[in-house]
Amino acid sequence: MTPAENGRLAGIPPEAFPAAARRIMARCDELARVTAGDGQITRVYLSPEHARVNRLAAEWMREVGMSTRLDAAGNQLGLLPAVDPDAPVLMIGSHLDTVIDAGRFDGILGVLMAIEIVRLLRVPGGDDRIWYSPFGFGIEVAAFSDEEGTRFGKALLGSSAIAGDWDDEWWRLADADGVTLREAYREFGLDPGRVGEAARTSEQLVGYLEAHIEQGPELDRRGEPLAVVSSIASARRFQITVEGEARHAGGTPYDMRRDALLGASEAALAVERICSSEHHIIGTVGQLEAFPGAVNVVPGEARFSIDLRGEFDGARDAVWERLSRDLDDIMGRRGLRWRPREVHSAPAVFCDPLLQDVVRAGIGSTLPSASEDPLTLFSPAGHDGMAMGSVTPVGMLFLRNPDGISHHPDEAVSAADVAIGLRALAEAVAHRGAESGS
Ligand code: GLV
Ligand code: MN
Ligand code: MN
C-alpha cells in the first residue's frame with residue numbers, strides 16, 4: 001500500500017513519527033547554533049548565517065532523496081518529484097530567518113517538519129536511489145529566506161519573490177548599516193536582475209501548506225496540541241520620524257520645549273489605547289530611539305516603529321486613519337512635526353477551504369474520538385502564506401507552544417506534539433493527494 005491509498009496513511013509504522021520528531025528537535029538545536037548573535041539566535045536575510053542554514057537544510061533535503069536548488073531570492077528549495085515530470089507541486093515549508101534574539105522554532109520547525117514529511121511519504125522508483133511523491137503532484141519543500149523582515153524592514157521578501165510579487169522599489173531598502181537590498185543580493189552571490197526567475201505560476205502549484213508553532217497561548221490554554229488556521233492577519237508596518245528641537249536639558253523651561261521623545265511616547269500610548277479597544281486589531285511599538293541621544297539634551301528627534309495587524313484589511317486601515325489623526329493632535333499640541341514611512345504592507349489571507357478541510361481531517365486522525373472537532377484559530381502572527389496566498393491556495397497547521405511565548409528564547413514546543421503534528425500533516429497531505437485522485 002502507498003501512503004496515498006484512500007487518502008490515509010498506510011505502511012508507516014507508528015514509531016516513525018516520534019523518531020522523526022526527535023530528529024527535528026535535534027536539528028532545531030543545530031540550527032540555533034548558526035547565529036550572528038553572541039549567545040542569542042539572530043539570523044537575517046542574506047547574511048553568512050543565512051548561507052550556512054541553507055547549506056544544512058539542503059543537505060537534509062538531499063538525505064531524504066530530494067533534488068535541491070537555491071532560487072534567485074535566496075530561498076532554499078528541495079523537490080520530491082511526481083512520476084509525471086510535468087505535474088505541479090504541493091509546496092510545504094516555512095522560513096529559516098529569525099528576529100533578533102529569537103527562539104529556535106519559529107519558522108524552523110515548519111521547514112524541518114516538511115523534510116520529515118518527505119521522508120515519511122516518499123516512495124521508491126525502479127532504481128532505489130530515486131524517490132518519488134506517491135501523489136499526482138510533486139512535493140516541494142521551501143525554506144524561505146526572509147519572512148521576518150528583520151534586516152530590511154519589509155517582511156516576506158523570500159515568499160513574495162516566489163509568489164511573483166516582487167516590487168522593484170524594495171531594492172532601495174537599506175539595513176541598519178546602510179547596505180541596500182541590491183548590494184546585499186550581490187554580496188550573497190545573487191543577481192538582483194534575475195529575482196523574477198524565482199516566481200512561480202498558479203499552474204505550477206497545487207497549494208502551500210505550512211506547520212508553525214502557535215505564537216500565542218490559545219492551544220496551551222485549551223490543552224490541545226494542534227489547530228487548523230482559518231486566516232492570517234493583514235499587516236502594515238511604519239517607521240515614524242518625529243521632529244522637535246534639541247536644547248539644553250537644564251536651561252530650557254517646559255513651555256519652550258519641543259521634546260520629540262515625549263511626542264513619540266504619547267504616540268506609543270495612543271497605539272495601545274486605540275488598538276486595544278478594537279476587536280482583532282493589534283498595534284505594537286517595538287522600536288523607539290531618541291536623538292541626539294545625550295543625557296543632558298532635550299531630544300530633538302525621535303524615531304519609532306508601528307506594527308499594525310488586523311483580521312480584515314479594512315478595519316486595520318480604519319485604525320491607521322484614526323491613529324494618524326491622533327498623532328496629528330499629539331504632535332500639534334507639542335509643537336512637533338511627524339511623518340510616517342510605510343515599510344511593509346500585506347493583506348489578510350484566508351486559508352483555502354479545501355486545505356483547511358484536509359488539515360482538519362489530518363488533526364482529526366490524531367484525536368481519540370472521531371466526534372471531536374479540531375480547534376480552528378485565526379493567526380495574528382504573520383506567515384509566508386500571506387505572500388503565497390496571491391499565487392496558490394494556502395493551508396496551515398498550528399502546534400501548541402507552551403505559554404504561547406514567541407520571538408523570545410523561551411519559545412518552545414514538545415517532541416510529543418511535534419510527533420502528533422507530523423502525523424496530522426502527513427495525513428493532510430495524503431488527503432490532499434486523494435482529492436487529486438491519486
Ligand atoms: C512574524 O513572525 C510576524 O508575525 O511578525
Ligand atoms: Mn516570527
Ligand atoms: Mn514564523
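The values are calculated or read from the model by the stated rules, or taken from the named source; none is laboratory data. These numbers come from a predicted model, not from an experiment. For neighbour counting, all protein chains shown are included, and Cβ atoms are generated from backbone atoms with ideal geometry for every residue, glycine included. In case anyone asks, the SASA skips ligands and DNA or RNA and just uses the protein heavy atoms, side chains included. Shrake-Rupley method; radii C 1.70, N 1.55, O 1.52, S 1.80 Å.
Structure above, values below:
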read-out	value
Residue count, the range 379-438 (criterion: closer than 16 Å to residue 227 by Cα and open to solvent by 40 Å² or more (accessible area, probe 1.4 Å))	8
Of all residues in the range 176-188 being in contact (Cβ under 8 Å) with a residue 24 or more places away in the chain and open to solvent by less than 60 Å² (accessible area, probe 1.4 Å), the one that is nearest to residue 380 (Cα to Cα)	181
Subset of the range 423-438 [touching a strand residue (DSSP E or B) at 6+ places or on another chain (Cβ under 8 Å) and aliphatic (A, V, I, L, M)]	424, 425, 428, 429
Enumeration of residues in the range 107-134 that are outside any helix (DSSP H, G or I) and open to solvent by 10 Å² or more (accessible area, probe 1.4 Å)	122, 123, 124, 125, 126, 127, 128, 129, 130, 131, 132, 134
Some residue of the range 305-317 being in contact with a Gly (Cβ under 9 Å, 6 or more places away or on another chain) and open to solvent by 60 Å² or more (accessible area, probe 1.4 Å)	no
Tabulated pairs, the range 100-115, first closer than 18 Å to residue 152 by Cβ, second more than 9 Å from ligand 3 (Cβ to nearest atom) and at pLDDT below 95, C-beta under 9 angstrom, 6+ apart or interchain	100/37; 102/37
When residues of the range 82-98 are limited to those that are of a type in the set (A, V, I, L, M) and within 20 Å of residue 400 (Cα to Cα), the one farthest from ligand 1 (Cβ to nearest atom)	92
Out of 191, 165, sole residue that is surrounded by fewer than 16 Cβ atoms within 10 Å (Cβ to Cβ) and either over 21 Å from the mean Cα position of the chain (by Cα) or within 16 Å of ligand 2 (Cβ to nearest atom) (or both)	191
Within the range 203-222, considering residues that are of a type outside the set (D, E, K, R) and open to solvent by less than 10 Å² (accessible area, probe 1.4 Å), the one nearest to ligand 3 (Cβ to nearest atom)	212
Candidate set from the range 256-271 (those that are under 22 Å from residue 318 (Cα atoms) and of a type in the set (A, V, I, L, M, F, W, C)); member that is most open to solvent (accessible area, probe 1.4 Å)	269
